[in-house]
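The values are calculated or read from the model by the stated rules, or taken from the named source; none is laboratory data. Quantities reported herein were computed from a predicted structural model and do not represent experimental measurements. Neighbour counts run over all protein chains shown; Cβ positions are idealised from the backbone, glycine included.
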């Protein structure tokens, strides 16, 4: 089940985020970057702000199975640009459709809001995530410079499959 995140989800979201990040950062960056009390507090604060934001500016969606949080996604629109800021699946639930369900729910939200293009940044060594995004239509923009150790990807948000695009206003 995909649902809107609630303040009561905060601790579970922060813990899931930390577990997921550890899978691709471990051995590549110092542990304090993705683990430890200070980082968990920073992560928790970031998710607190994301959950509290007005839905007009973005959203946080949770995937839940049998009462357990299995994934989370967050997006935000600023100055007309929408960014998928986070999409994490608990490593114990990989390859079960959780990420695809969260991605589909984000697409639905973006379409309802009239968003036509979305960006994200993905860690250069997170090949699992890069394959997931490529499978879902995300593409690099060769005109955009790298953002440190992250790649910038873009997704054109069209109408749902089987529906025609609205007529052009040109």
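Odds and ends about this structure:
- Candidate set: the range 110-136, residues that are in contact with a helix residue (DSSP H, G or I) (Cβ under 8 Å, 6 or more places away or on another chain) and assigned to a strand (DSSP E or B); chosen: the one surrounded by the fewest Cβ atoms within 10 Å (Cβ to Cβ): 123
- Sole residue being under 15 Å from the mean Cα position of the chain (by Cα) and either farther than 22 Å from residue 25 by Cα or modelled with pLDDT under 95 (or both), chosen from 77, 113: 77
- Qualifying residue in the range 31-43 (condition: under 22 Å from residue 103 (Cα atoms) and crowded, with 16+ Cβ neighbours inside 10 Å): yes
- Within the range 155-170, the set of residues being at pLDDT 90 or above and either within 25 Å of residue 29 (Cβ to Cβ) or part of a loop (DSSP other than H, G, I, E, B) (or both) comprises just one member, 157.
- Qualifying residue in the range 137-153 (condition: assigned to a loop (DSSP other than H, G, I, E, B), under 14 Å from the mean Cα position of the chain (by Cα) and either surrounded by fewer than 16 Cβ atoms within 10 Å (Cβ to Cβ) or modelled with pLDDT of 90 or more (or both)): yes
- Residues in the range 45-60 include at least one that is at pLDDT 95 or above and under 11 Å from the mean Cα position of the chain (by Cα).
- Residue 107 vs. criteria out of contact with any strand residue (DSSP E or B) (no Cβ under 8 Å at 6 or more places or on another chain) and either buried (at least 20 other Cβ atoms within 10 Å of the Cβ) or part of a helix (DSSP H, G or I) (or both): yes
- Strands (runs of 3 or more DSSP E) fully within the range 1-95 counting 3 or more residues that are closer than 29 Å to residue 113 by Cα, free of Cβ contacts under 8 Å to residues at least 60 places away in the same chain and in contact with a helix residue (DSSP H, G or I) (Cβ under 8 Å, 6 or more places away or on another chain): 58-65, 68-78, 81-89
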